[in-house]
Amino acid sequence: MKIDTLTHSIGEWLRGTGPESDIVMSSRVRLARNVANYPFVSRASEQDRLEVEKMLRDRIATVPVGRALEYIDVGHLQEVDRQLLVERQLISREHAEAQGARGVAIDVMEQVSLMINEEDHLRIQCMHSGLDLLGAWEQIKVVDDQIEKIVPYAFHPRFGYLTACPTNVGTGIRVSVMLHLPGLVITRQIDKVFRSLHKISLAVRGLYGEGSQAMGDFYQISNQTTLGRTEEELVQQVGDVVPVIIDYERRAREFLVRETQQNVHDQVSRAYGILRTAQTISAEETMQLLSRVRMGVLLGLIGDVKIADINALLVRTQPAHLQKLRGVELDTNDRNIERARYLRQYFEEGDAGNRSSVN
């Protein structure tokens, strides 16, 4: 798979077509697996990593799911290309910044990605649009079963799947959803919601997962531990909580429209105006303004913008995507100028009535 192909396409999870996609951007299930009789990646020699990478790459290519994936040698990519994969949620920041033999296999819809030699030898990920944890779980079970038939996983009869991080031991599963919660942020209820989630052992992270900050009112919610519970129980735990958060967010948005309509309309209008006219703009400010516009579209305050296009702009205005679209490396100041130009061009095309879909 050529990186340029990813630059000019949009994955299924960004299309905004799944259930509850006005609030739930995506649902993701990830499995951590290691190959038996090899040290964990953090303790492995370069030769160990080479052997694991080659073995997994060759064997996965022989099963049905593997034949539907395209492999990218992450270790030989330029920094901007690795960062693009991070911005697309196809690899982690740790995988991008690591050293040595490593890769990722991706399907054309960007639902399935297999990271080789990240924190664990193999990280299997399935990501769907909207609230579709069961769909992602059913898909990843098939992928995992096919691979386990040909790859000897490190497994203990008492502890389950053995992983580099103790919190993943057992099932090795991480179930997460990415939520857009501007209503709860504006009404200052977000901290109360997060405290409640922590009490039931759910973690709250930023847009790019562990260690990342929340930008544009986007948050990832996931299970924290896996030992002692089945995969189905953990999927259900997250799946049961998300509808409650969705309900809180919808009520917050309804309150904003009902009680502070002029204020929220002003926030949305200002965000829309800045995006359409700015001459220079940072990635962080863009995320925040697009968040407000996205909410405005869903509240009916803006009528000529598609949610799928806003979702795509959230990714394509990130640093690596901008540089790939421009075809040249840019420093921070030049990226801010190019980002503003890209946004103006998008909205000008819309005003002219000939906006093509961002996908």
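The conditions of being within 18 Å of H180 (Cα to Cα) and surrounded by 16 or more Cβ atoms within 10 Å (Cβ to Cβ) are not met by Q323. Exactly one residue out of A36, A68, A105, A44 is in contact with a Phe, Trp or Tyr (Cβ under 7 Å, 6 or more places away or on another chain), of a type outside the set (D, E), surrounded by fewer than 18 Cβ atoms within 10 Å (Cβ to Cβ) and at negative phi, and it is A36. Kindly indicate whether E53 is surrounded by fewer than 22 Cβ atoms within 10 Å (Cβ to Cβ), assigned to a helix (DSSP H, G or I) and either assigned by TED's automatic domain parsing to the domain that holds G327 or of a type in the set (D, E) (or both). Yes; evaluated as a whole, the condition is true for this residue.
Taking each residue of the stretch 4-19 that is under 22 Å from Q323 (Cβ atoms) and looking for partners that are of a type in the set (S, T, N, Q) with beta-carbon atoms closer than 7 Å, six or more apart or interchain, yields I10/N359; L14/N311.
Annotation note: Cβ proximity below 7 Å between a residue of the stretch 327-353 that is under 27 Å from I302 (Cα atoms) and basic (K, R) and a residue that is modelled with pLDDT of 90 or more and not in a helix (DSSP H, G or I) (sequence gap 6+ or interchain) occurs for R339/I281; R339/T317.
Could you please find all residues in the stretch 293-349 being polar (S, T, N, Q) and in contact with a Gly (Cβ under 6 Å, 6 or more places away or on another chain)? The answer is N311, and nothing else.
Selection of first residues in the stretch 57-72 that are without any contact (Cβ under 8 Å) to a residue 24 or more places away in the chain and of second residues that are among the charged types (D, E, K, R), restricted to Cβ pairs under 7 Å at least 6 apart or on distinct chains, gives the following pairs, ordered by first then second residue: A61/R67. Yes or no: the stretch 178-188 includes at least one residue that is over 14 Å from Y219 (Cα atoms), out of contact with any Asp or Glu (no Cβ under 8 Å at 6 or more places or on another chain) and in contact (Cβ under 8 Å) with a residue 24 or more places away in the chain. Yes: one or more hits. Considering (1) assigned to a helix (DSSP H, G or I); (2) modelled with pLDDT of 95 or more; (3) crowded, with 20+ Cβ neighbours inside 10 Å, the lone condition that W13 does not fulfil carries the number (2).
Do we find that A96 is buried (at least 16 other Cβ atoms within 10 Å of the Cβ), of a type outside the set (D, E) and either more than 24 Å from the chain's Cα centre (by Cα) or part of a helix (DSSP H, G or I) (or both) in this structure? Taking the combined requirement at face value, the residue satisfies it. The condition of being surrounded by fewer than 16 Cβ atoms within 10 Å (Cβ to Cβ) and under 20 Å from the mean Cα position of the chain (by Cα) does not hold for E118.
Among the residues making up the stretch 274-330, those that are β-branched (V, I, T) and farther than 24 Å from H8 by Cβ are I274, T277, T280, I302.
Considered as a group, the residues in the stretch 219-235 that are surrounded by 19 or more Cβ atoms within 10 Å (Cβ to Cβ) and modelled with pLDDT of 85 or more include one that is nearest to the chain's Cα centre (by Cα), and that residue is Q220. Please work out if I245 is outside the structural domain of I173 (by TED's automatic domain parsing), among the β-branched types (V, I, T) and out of contact with any strand residue (DSSP E or B) (no Cβ under 7 Å at 6 or more places or on another chain). It is false that I245 is outside the structural domain of I173 (by TED's automatic domain parsing), among the β-branched types (V, I, T) and out of contact with any strand residue (DSSP E or B) (no Cβ under 7 Å at 6 or more places or on another chain).
Look at the stretch 313-324: where a residue is without any contact (Cβ under 8 Å) to a residue 40 or more places away in the chain and a partner is polar (S, T, N, Q) and assigned to a helix (DSSP H, G or I), sitting 6+ places away or on another chain with Cβ atoms under 8 Å, you get T317/T286.
The values are calculated or read from the model by the stated rules, or taken from the named source; none is laboratory data. Owing to the predicted nature of the structure, the values given are computational and were not obtained by experimental measurement. Here Cβ is always computed from backbone atoms with ideal geometry, including for glycine, and neighbour counts include all displayed protein chains.
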